[in-house]
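Input: a single structure, listed below in structure tokens.
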Amino acid sequence: MNSLLQYSKSTPKKTTILTILIAVFALVLILGVAYGSWKKFSKKEVEFIEPASITNWQTYSNGKWGFRIKYPKGWVVKEGIEVTSVETNELIYEGVKFLPDHQKSPYIDILKYDNPQNLSAKEWAVWFYGNENPTYQNTIVNGIEGIRKDTIVEKGEAFFSDVILVKGDKAYEIKFWEVPRKEIQGKGIAPSSEEWRLFWDKTLNTIEID
């Protein structure tokens, strides 16, 4: 009788210890999976901006626009972006977005507009936006004249670039944007603005316009 009573009293203690052990094991397992995902994501991030060669990049070609550009493997293309005028319902521009799979940044936007007056890039920007932005500088991309504005934000940890190219009756606004990831930057993994700029220069040099 006493031994049975003593056994009944000791059972909750054993159950509690077993529950704690299971909880600790589950926590270690979750942390291990989280670390593995973070490590994989970090390596993937570096591969995107420091490819050994652009020869293994993919090529996006738009026959309607007469436009081609290379982009890193592992990125996805989102087509069918259209913006119309609220007043007239006329198409203002068509767009395509490039970005790493399952990520919001970095990304590249290519917006195609009409240039009915065959204006230069600077003239088109004044005509379209209504004023001349002195921060844009003249640039040439694969023999195509245009204007470009680079912006560094967040203490040099993020990079934004806006490039306008024109050829004949078409105008293209090509944007690159990298939003800082402080959780990666805190570990010294995030690329610098200079690395982003070099990546962007390499990407721009793959552009071809018929």
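A 24 angstrom limit on the alpha carbon distance is what I want to check against. Which of Lys78/Lys175; Lys112/Lys149; Lys78/Lys122; Lys64/Lys149; Lys70/Lys149 exceed it? Going by Cα-Cα distance, Lys78/Lys122; Lys64/Lys149 fall outside the 24 Å limit. Charge tally around Ile164: other residues with Cβ under 11 Å, Lys/Arg +1 each, Asp/Glu -1 each, net 0. Each other residue within a Cβ distance under 14 Å of Gln117 adds +1 if Lys or Arg and -1 if Asp or Glu, for a net charge of 0.
A short reminder: the numbers here are calculations on the coordinates, not readings from a lab. Please read all numbers here as calculations on a predicted model, not as lab measurements. Glycine also receives a Cβ, built like all others from the backbone with ideal geometry; neighbour counts cover every protein chain displayed.
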